[in-house]
Amino acid sequence: MSIESVNITKEYERRGKTFRAVDDVSISIPRGKITVVTGNSGSGKSTLLNILAGMIVPENGTVHIDDVELPCLKNKERDKIRGEKIGIVPQVQSLIGGLTVRENIKLQQSFSGGAADEERLAFYIKDLGIEDLMDVFPSSLSGGEMKRAAVVRAISGDHDYIFADEPTGELDPENASRIMDAFRKQADEGKGILLITHDSHVEERADILYRMENGHLTEEKVG
Ligand SMILES: Nc1ncnc2c1ncn2[C@@H]1O[C@H](COP(=O)(O)OP(=O)(O)O)[C@@H](O)[C@H]1O
Ligand SMILES: [Mg+2]
């Protein structure tokens, strides 16, 4: 079981000229492993993640989440599959401001098909050091605390896949390492992890490593 794209292409326009943000990319995100895509800013990493999650439809190529083919589905059906299958840690702060951390997590669980068992969830809440922050509103959290809360939220739905866009961006090494430990545990529990990054510490912990340049993807390390 995996999330897989074959020969996907996504074009955008800049100053009247079309260019390929994602150019003929085939990639597989298997369960049980950490797959990392690295590359310079603007190389197409976020566009690729969004295509694999069914948020953007490519011009060419196919995407499968397990045995479901995405591009041919209606928006609503794609949203449903994504909600059930993928826990997402977006690049930007994404907790809902009017809700506490606990309420944000509960809301995420209600969207997804099922919820992580309470014992597992309590483990991650403790491991990522947010147990004292559960009844706090996001506006009073630091950047690192918000990221850790967003990771717990993504994990809380008990999805088969976790996607994170620059999960350690702007974090101190200790926070970054805690987050990577949590992703490793999730992979060991059988989940497929996709991380987009230009942090070399994240690269080091990849099972499978790809580099993106001008929309092209090359494999650097196979695990
Ligand atoms: N909606 C969009 N419309 C036009 N250009 C876009 C859009 N989204 C991204 N791009 C462009 O596509 C390229 C790849 O973007 P992105 O996938 O965000 O790169 P990365 O995540 O590697 O920084 C960049 O040149 C970016 O400006
Ligand atoms: Mg990006």
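Odds and ends about this structure:
- Scanning the range 18-51 for residues that are among the charged types (D, E, K, R), within 11 Å of ligand 1 (Cβ to nearest atom) and open to solvent by 60 Å² or more (accessible area, probe 1.4 Å) yields a total of 1.
- Scan of the range 176-223 for residues that are open to solvent by less than 20 Å² (accessible area, probe 1.4 Å), polar (S, T, N, Q) and more than 15 Å from LEU49 (Cβ to Cβ), ordered by number: GLN186
- Filter result for GLU170 (over 13 Å from the mean Cα position of the chain (by Cα) and part of a loop (DSSP other than H, G, I, E, B)): yes
- The range 189-223, residues that are within 16 Å of ligand 2 (Cβ to nearest atom) and assigned to a loop (DSSP other than H, G, I, E, B): HIS198, ASP199, ASN214, GLY215
- Residue count for the range 151-167, restricted to those that are open to solvent by less than 10 Å² (accessible area, probe 1.4 Å) and within 12 Å of the chain's Cα centre (by Cα): 9
- Meets criteria (within 29 Å of ASP188 (Cα to Cα), within 16 Å of ligand 2 (Cβ to nearest atom) and buried (at least 17 other Cβ atoms within 10 Å of the Cβ)) for LEU70: no
- Of the criteria (1) more than 16 Å from ligand 1 (Cβ to nearest atom); (2) closer than 26 Å to GLY169 by Cα, which one VAL89 fails: (1)
The values are calculated or read from the model by the stated rules, or taken from the named source; none is laboratory data. Source: prediction; values computed, not measured. Note that we place each Cβ from the backbone using ideal geometry, even for glycine, and neighbour counts take in every protein chain shown. Note: areas computed on protein heavy atoms with side chains; ligands, DNA, RNA excluded. Shrake-Rupley method; radii C 1.70, N 1.55, O 1.52, S 1.80 Å.
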